[in-house]
Amino acid sequence: MRFRLALAMVGSALGALGTASAMPALAPVQPVGMVRAAELVLLPQRAQLTLQMKDVARMAVAVRAQTPADALTASCVVRQILASQAPGGIDPKLAFLKQQLSNQPFSGYKSFKLLRENTLALSGGTAQSLGLVTNQTLGLAYKEKLAVAGGKIRMRMQMTLAQGDKKVLDTLYAIDEGGTLLQAGQKYQDGTFVLAITCKR
């Protein structure tokens, strides 16, 4: 009896699939913001959606990688830099940043000197702290891994700056793995203090 019932259920399911062509066409799907990976994989073929896989491959849509927080680990190099009008050019240890430092808003400075370099080990989405030469405290946390169409990895980071007990900056940013974030604005000595943060998983 159970065997016959199972066959009947399968027959009903197949019948439902057979009538799929009679279903009204769904409106084209417009990708907005972040799209879960499962939503890209499980698009129903019979719905005749206008979003084709070849279109997905061309879209620069960030997909949440669904990485557990305790699996988020990264190594971040924090470089503290003095940008000033004094002659001197770019410190040889900062040569890899030449292109970024040659563009606005940094192109007006005549020299960039590396003051200090530290490495922070991040894990579990928890912030690590670092004292800066400006007497501020930097907080840095690796919050999320983002996969971009084409297999590229972007990292969502949280950055804070505190002056004593007062938080003066609290921001989230996304950057390509291995890319360098430049943050500047605070006056220091005879120039401007610049933070250069480079993170890799």
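The values are calculated or read from the model by the stated rules, or taken from the named source; none is laboratory data. This is a predicted model, so every value here is computed, not measured. For neighbour counting, all protein chains shown are included, and Cβ atoms are generated from backbone atoms with ideal geometry for every residue, glycine included.
Among the residues of the stretch 91-130, which ones are part of a loop (DSSP other than H, G, I, E, B) and hydrophobic (A, V, I, L, M, F, W, C)?
F106, A127
Could you grab the pairs with beta carbons closer than 7 Å, sequence gap of 6+ or different chains, first residue in the stretch 133-162 and assigned by TED's automatic domain parsing to the domain that holds E177 and closer than 12 Å to L122 by Cβ, second one surrounded by fewer than 17 Cβ atoms within 10 Å (Cβ to Cβ) and aromatic (F, W, Y)?
M157/Y173; M159/Y173
Report the residue count in the stretch 168-195 for those that are closer than 24 Å to L82 by Cβ and among the charged types (D, E, K, R).
Result for the stretch 168-195: 2.
Just to verify a result, which residue in the stretch 142-180, among those that are of a type in the set (A, V, I, L, M, F, W, C) and surrounded by 18 or more Cβ atoms within 10 Å (Cβ to Cβ), is farthest from K110 (Cα to Cα)?
L146
Six or more apart or on different chains, Cβ under 6 Å: which pairs go from a residue in the stretch 71-89 that's under 20 Å from T134 (Cβ atoms) to one that's among the aromatic types (F, W, Y) and in a strand (DSSP E or B)? Could you list them?
I81/F112; A83/F112
Check off (1) part of a loop (DSSP other than H, G, I, E, B); (2) at pLDDT 95 or above; (3) farther than 13 Å from V78 by Cα for V133 and give me the number that stays unchecked.
It fails just one condition, (3).
Quick grid of which residues meet (1) exposed (fewer than 11 other Cβ atoms within 10 Å of the Cβ); (2) under 23 Å from the mean Cα position of the chain (by Cα); (3) at pLDDT below 95:
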site	(1), (2), (3)
A83	no, no, no
N103	yes, yes, yes
S107	yes, no, yes
R116	no, no, no
S129	no, yes, no
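Among what's in the stretch 183-200 and is within 15 Å of the chain's Cα centre (by Cα) and surrounded by 15 or more Cβ atoms within 10 Å (Cβ to Cβ), pick the residue that is nearest to L115 (Cα to Cα). Spell out how you get there, then give the answer.
Let us first name the residues in the stretch 183-200 that are within 15 Å of the chain's Cα centre (by Cα), namely 197-200.
From what's left, surrounded by 15 or more Cβ atoms within 10 Å (Cβ to Cβ): 197-199.
Working: I197: 14, T198: 16, C199: 19 Å.
Result: I197.
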